[in-house]
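Participant: Before I ask anything, let me first share the structure, which is written out below as structure tokens.
The values are calculated or read from the model by the stated rules, or taken from the named source; none is laboratory data. Predicted model only: the values in this text are computed from it and were never measured. Note: ideal-geometry Cβ built from the backbone for every residue, glycine included; neighbour counts use all protein chains shown. Keep in mind that these areas ignore ligands, DNA and RNA; they rest on the heavy atoms of the full protein, side chains included. Shrake-Rupley method; radii C 1.70, N 1.55, O 1.52, S 1.80 Å.
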Amino acid sequence: MKTIIEPFKIKSVEPIKFTTKEERIKLLKEAGSNPFLLHAEDVLIDLLTDSGTSAMSAQQWAGIMNGDESYAGSKSFYKFEKTVKKITGMKYIIPTHQGRASERILFSIVGGKGKHIPNNTHFDTTRANIEFSGAEAVDLLNEEGKHPEIRTDFKGNMDVEKLKKFIENTGSENIPLCMITITNNSGGGQPVSMQNIREVKEVCNQYNIPLFLDACRFAENAYFIKIREKGYTDKPILEIVQEIFSYADGATMSAKKDALVNIGGFLAINDDELAQKCRNLLIVTEGFPTYGGLAGRDLEAVAQGLVEVLDENYLQYRIRSVEYLGEKLVAAGVPIIEPPGGHAIYIDAKRFLPSISPEQFPGQALTCELYIHGGIRAVEIGSVMFGKYDSEGNLIPPSMELVRLAIPRRVYTQSHIDYVAEKIIEVYEKRSQIKGLKITYQATMLRHFTARFEKIDD
Ligand code: F0G
């Protein structure tokens, strides 16, 4: 394959701090073996998340200076609204400070006890907001998506047959909406095909259930459709994106991903009554409907980011740079979810550390080792994040134990990625020395953010 270069030059740089292994051992211990609790300046390469970590462009920074900070009806809002409408085709665009604010508002209104929300795979904040409302969050991922080693094109697809059965068994009156997450973050950043979105919409139509997209990484998903799905190769990304949204009745969005900004989000809705209710709740908790918890300057940056993210050269570089890391790891035998997803590489910690049982959190143990060995920060997506417990306190582990290396947009260069690959491979070579962990503190919800751990000695 020919070299695909970063489609930008660097105008402003941020130094990164080097630490020694001894320092990192001490720092991680102080952080309770939870990389979330490290000081970011003690991290060399931060792959904790691709959310809010993008480098903004000169045009976005120019937009920041142009932000109109009027409380109501700001010029920046109308620019933002116009851009989001062009992409989504939705009637009402409601700004929020980030994705989970959109989720909270939406599910405070449509959720509640006795309600059920299907999705290909709910992201953790989506699940938490649904469950917090008293409703049930249900994952209906297709079978292929649950097997890290199977290489197919659209492992984020929803299982349409399961969805039909689910609706029949649950009763459509108890399903206020159906969601699809593009790309499927918790399942490996895997894309959903246009055909699948269309089929899900048809089922939803049969039962009169609105379809909502969790659209955080819509542009990355559209690029996968372009390169992998028949009939889309010659279509401009904007057209593909517009088709995706044409099947939806609404969307939640974290602009911190594919809008290439550090903060922001929105709700896009077609239904008049629902939009009105969302706006009213927005005023109570986020702000007036033309700023929704954001500054005017933030809305400018989102509007510009949404234009830049549709650039095909950008998307080609983006998807290729993630794939490049994946290829290096696979070549060295490191087990990852294949094929690589859009925004991250997911190491399969079950196969990486087969001797550590889910009760001893193999994913978390691996994130610790990556930090100690290379100063790299990654995140566990396994039994710490999604583990449940039965009435006797036994762990019910999720189907996968993963470690996510999320690649911030436009931040790291190819040599940073080469370094990351090198360090992971070195950790893989001495994997038999890695020990499991036990929890010493945990919160009742979203425990992975604040839990503390200790190493289990033999
Ligand atoms: N939905 C998906 C698919 C996400 O990946 C996220 C955030 C959200 C919703 C919530 O958005 O953070 O703006 O409130 N994902 C980040 C991540 C946190 O690291 O994957 P938010």
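Participant: I'm trying to understand the selection: among the residues of the range 120-130, which are among the aliphatic types (A, V, I, L, M) and either under 24 Å from residue 168 (Cβ atoms) or outside any helix (DSSP H, G or I) (or both)? Working first, answer last.
Facilitator: Of the residues in the range 120-130, the ones among the aliphatic types (A, V, I, L, M) are 128, 130.
Selection gives 130 alone.
Participant: Restricting attention to the range 172-186, which residues are within 8 Å of the ligand (Cβ to nearest atom) and among the small types (Gly, Ala, Ser)?
Facilitator: Result: 186, single match.
Participant: Need at least 3 residues that are basic (Lys, Arg) per element, so show me which helices (runs of 4 or more DSSP H) inside the range 302-411 make the cut, counting only ones lying wholly within it.
Facilitator: 312-331
Participant: Tell me, which residue of the range 61-86 that is buried (at least 24 other Cβ atoms within 10 Å of the Cβ) and touching a strand residue (DSSP E or B) at 6+ places or on another chain (Cβ under 9 Å) is farthest from residue 304 (Cα to Cα)? Break it down into steps so the answer makes sense when it comes.
Facilitator: Of the residues in the range 61-86, the ones buried (at least 24 other Cβ atoms within 10 Å of the Cβ) are 63, 76-77, 80, 84.
Now narrow it down to the ones that are touching a strand residue (DSSP E or B) at 6+ places or on another chain (Cβ under 9 Å): 77, 80, 84.
Numbers: 77: 12, 80: 8, 84: 11 Å.
Here the residue is 77.
Participant: Inside the range 11-35, can you point out the residues that are in contact (Cβ under 8 Å) with a residue 24 or more places away in the chain and either closer than 23 Å to residue 325 by Cα or among the polar types (S, T, N, Q) (or both)?
Facilitator: 16, 17, 18, 19, 33, 34, 35
Participant: Name the residue, out of 432, 383, 391, 357, that is more than 16 Å from the ligand (Cβ to nearest atom), of a type in the set (Ser, Thr, Tyr), without any contact (Cβ under 8 Å) to a residue 60 or more places away in the chain and open to solvent by 20 Å² or more (accessible area, probe 1.4 Å).
Facilitator: Working: 432 fails: without any contact (Cβ under 8 Å) to a residue 60 or more places away in the chain; 383 fails: open to solvent by 20 Å² or more (accessible area, probe 1.4 Å); 357 fails: without any contact (Cβ under 8 Å) to a residue 60 or more places away in the chain.
Selected residue: 391, the only one of 432, 383, 391, 357 that is more than 16 Å from the ligand (Cβ to nearest atom), of a type in the set (Ser, Thr, Tyr), without any contact (Cβ under 8 Å) to a residue 60 or more places away in the chain and open to solvent by 20 Å² or more (accessible area, probe 1.4 Å).
Participant: Kindly evaluate residue 298 against the criterion of being in contact with a Phe, Trp or Tyr (Cβ under 7 Å, 6 or more places away or on another chain) and surrounded by 18 or more Cβ atoms within 10 Å (Cβ to Cβ). Explain how you work it out, then say what you get.
Facilitator: Working: in contact with a Phe, Trp or Tyr (Cβ under 7 Å, 6 or more places away or on another chain): no; surrounded by 18 or more Cβ atoms within 10 Å (Cβ to Cβ): yes.
Spelling it out, it is not the case that residue 298 is in contact with a Phe, Trp or Tyr (Cβ under 7 Å, 6 or more places away or on another chain) and surrounded by 18 or more Cβ atoms within 10 Å (Cβ to Cβ).
Participant: Restricting attention to the range 254-277, report how many residues are open to solvent by less than 20 Å² (accessible area, probe 1.4 Å), touching a strand residue (DSSP E or B) at 6+ places or on another chain (Cβ under 9 Å) and within 16 Å of the ligand (Cβ to nearest atom). First the steps, then the outcome.
Facilitator: Going residue by residue through the range 254-277, those that are open to solvent by less than 20 Å² (accessible area, probe 1.4 Å) are 254-255, 258-261, 264-269, 275.
Right, trim to touching a strand residue (DSSP E or B) at 6+ places or on another chain (Cβ under 9 Å) and you get 254-255, 259, 264-269, 275.
If we keep only those that are within 16 Å of the ligand (Cβ to nearest atom) as well, we get 254-255, 259, 264-268.
Adding up the residues that qualify gives 8.
Participant: Within the range 131-248, which helices (runs of 4 or more DSSP H) (wholly inside it) include 3 or more residues that are buried (at least 22 other Cβ atoms within 10 Å of the Cβ), touching a Ser or Thr at 6+ places or on another chain (Cβ under 8 Å) and not assigned by TED's automatic domain parsing to the domain that holds residue 341?
Facilitator: Working: elements: 160-170, 194-207, 218-228, 237-246.
Qualifying helices (runs of 4 or more DSSP H): 218-228.
Participant: Please find, among 94, 105, 117, 64, the residue that is in a strand (DSSP E or B), modelled with pLDDT of 95 or more and either within 12 Å of the ligand (Cβ to nearest atom) or closer than 19 Å to residue 302 by Cβ (or both).
Facilitator: 94
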